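One structure below.
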Amino acid sequence: MLGARRLLGALRLCSSVSCPRPRASAKMRVRDALRVQDARGECVTVQGWIRSVRSQKEVLFLHVNDGSSLESLQIVADSSFDSRELTFGSSVQVQGQLVKSQSKRQNVELKAEKIEVIGDCEAKAFPIKYKERHPLEYLRQYPHLRCRTNALGSILRVRSEATAAIHSYFKDNGFVHIHTPVLTSNDCEGAGELFQVEPSSKIKGPKESFFDVPAFLTVSGQLHLEVMSGAFTQVFTFGPTFRAENSQSRRHLAEFYMVEAEISFVESLQDLMQVMEELFKATTEMVLSHCPEDVELCHQFIAAGQKGRLEHMLKNNFLIISYTEAIEILKQASQNFAFTPKWGVDLQTEHEKYLVRHCGNIPVFVINYPSELKPFYMRENEDGPQNTEVA
């Protein structure tokens, strides 16, 4: 009986606010609201930050974004709401009916019945201005607010989708995810300069360090994965990596996320290259299909032409050339390299970029490096120890 009374009370409450369905107002993300194809006045609640305010004589238009999509949801309210409290940057909770929009710019809009200001914002003092494209140097001064801009929001959504795609690929193909440690005593074959970690206060006692041995931020999880590959045939890790390299180039970061995998009982280098190609393409396809608006914004304002290059990559198989072939291609190039290509010398960044352009802007595997250029444990080719099976 008590449950029936509560149900009847809920029905009366819903009918009192003209809700078309016998249920309380449901919270909905902006992304999900924008995807509703046949809006019939569902009673919903949306929470987010005001991106724009436009006040007319009898109608108030707001655009609210919650970070779930590039596009904002249009809120339509009558003149009874005080527009002075609804300012750009304020966080709000809006309850109302999701209806089909009369405008061609969007499919749906939210007809507001209640607007609650959760956190107000003084628009004039807010450092990010509406419809103004701020340079990245300016946004770095406001790291807690820059993610509200379209550019940074799109980058973070693309990165999130790419991360999910990487995990999805490995899971679907039977890999076990290994959480390799961030603090370690390994330097992983001299993969890079190390950040040494020490406690903020002096250690009291005979110990010279907190762990009895020097500890560092990891430069690679490879050694830990190799241990795990003795019990699991397929393992991977995807986590933060740290390099204390004193360089300001785009290719050197103090902290970045790196994908590493190990496969036991591999019979050929072709098997490894196939996994790498599948991973690249599966991740790219998911990002392009799930974040089309974000990819388009990045294409227009951040990395022009990147979208076309990704689509071109998906349509073509990755190429495979030997180290010797690569050197011959570079020697015949009309380009003047800062580092002269020579057999027995490792490839430089400028060489790698030229090879990709020469091969039609398709990813290229370079295999069969001279053994003296690679670590001692690399597998040798069957035709002799001069070359190693490395890509």
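The values are calculated or read from the model by the stated rules, or taken from the named source; none is laboratory data. This one's a predicted model, so the numbers in the text were calculated from it and none came from an experiment. A quick note on method: Cβ atoms are made from the backbone with ideal geometry, for glycine too, and the neighbour counts reach across all protein chains shown.
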Inside the stretch 30-88, the number of residues satisfying the requirement of being within 15 Å of Lys100 (Cβ to Cβ) and within 25 Å of the chain's Cα centre (by Cα) is 4
Would you mind stating whether Glu278 is touching a residue at least 40 places away in the same chain (Cβ under 8 Å) and out of contact with any strand residue (DSSP E or B) (no Cβ under 9 Å at 6 or more places or on another chain)? yes
May I ask you to list pairs of residues, at least six apart or on different chains, whose Cβ atoms are under 8 Å apart, with the first in the stretch 339-359 being within 20 Å of Phe318 (Cα to Cα) and the second being among the basic types (Lys, Arg)? Thr349/Arg251
Selection within the stretch 227-265 - assigned to a loop (DSSP other than H, G, I, E, B), surrounded by 13 or more Cβ atoms within 10 Å (Cβ to Cβ) and either hydroxyl-bearing (Ser, Thr, Tyr) or touching a residue at least 60 places away in the same chain (Cβ under 8 Å) (or both): Ser229, Thr233, Ser264
Scan the stretch 373-384 and give yes if some residue there is at pLDDT 95 or above and either over 23 Å from Leu279 (Cβ atoms) or among the acidic types (Asp, Glu) (or both), otherwise no. no
Condition set more than 22 Å from Val158 (Cβ to Cβ) and touching a Gly at 6+ places or on another chain (Cβ under 8 Å), scope the stretch 244-261, selection modelled with the highest pLDDT: answer is Ala244
Does any residue in the stretch 308-320 that is within 16 Å of Glu352 (Cα to Cα) come within less than 6 Å, Cβ to Cβ, of a residue that is of a type in the set (Asp, Glu) and surrounded by 13 or more Cβ atoms within 10 Å (Cβ to Cβ) six or more places away or on a different chain, and which pairs are these? Phe318/Glu277
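Going through the stretch 97-136 one residue at a time, which ones are on the phi > 0 side of the Ramachandran plot and surrounded by 15 or more Cβ atoms within 10 Å (Cβ to Cβ)?
If the condition is that a residue be on the phi > 0 side of the Ramachandran plot and surrounded by 15 or more Cβ atoms within 10 Å (Cβ to Cβ), then no residue fits.
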Can you give me the number of residues within the stretch 128-150 that are touching a Leu at 6+ places or on another chain (Cβ under 7 Å) and either closer than 17 Å to Ser52 by Cβ or touching a residue at least 40 places away in the same chain (Cβ under 8 Å) (or both)? 4
Pull up the stretch 144-189, narrow it to residues that are under 24 Å from Ile263 (Cβ atoms) and of a type in the set (Gly, Ala, Ser), then point me to the one that is surrounded by the most Cβ atoms within 10 Å (Cβ to Cβ). Ala165
Would you confirm whether or not the stretch 137-152 contains a residue that is in a helix (DSSP H, G or I), of a type in the set (Gly, Ala, Ser), at pLDDT below 95 and more than 26 Å from Lys27 (Cα to Cα)? yes
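Do we have Gln102 as in contact with a Leu (Cβ under 9 Å, 6 or more places away or on another chain), more than 30 Å from His299 (Cβ to Cβ) and among the polar types (S, T, N, Q) here? Break it down into steps so the answer makes sense when it comes.
Details: in contact with a Leu (Cβ under 9 Å, 6 or more places away or on another chain): no; more than 30 Å from His299 (Cβ to Cβ): yes; among the polar types (S, T, N, Q): yes.
Spelling it out, it is not the case that Gln102 is in contact with a Leu (Cβ under 9 Å, 6 or more places away or on another chain), more than 30 Å from His299 (Cβ to Cβ) and among the polar types (S, T, N, Q).
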If the requirement is being under 28 Å from Val158 (Cα atoms) and modelled with pLDDT of 90 or more, which of these qualifies: Ser264, Ser220, Ser229? Ser220
Scan the stretch 22-49 for residues that are in contact (Cβ under 8 Å) with a residue 60 or more places away in the chain, β-branched (Val, Ile, Thr) and under 14 Å from Ile115 (Cα atoms) and jot them down. Val44, Val46
Between a residue in the stretch 160-171 that is more than 17 Å from Met276 (Cβ to Cβ) and any residue that is β-branched (Val, Ile, Thr), which pairs come within a Cβ distance under 8 Å, given they are 6 or more apart or on different chains? Glu161/Val287
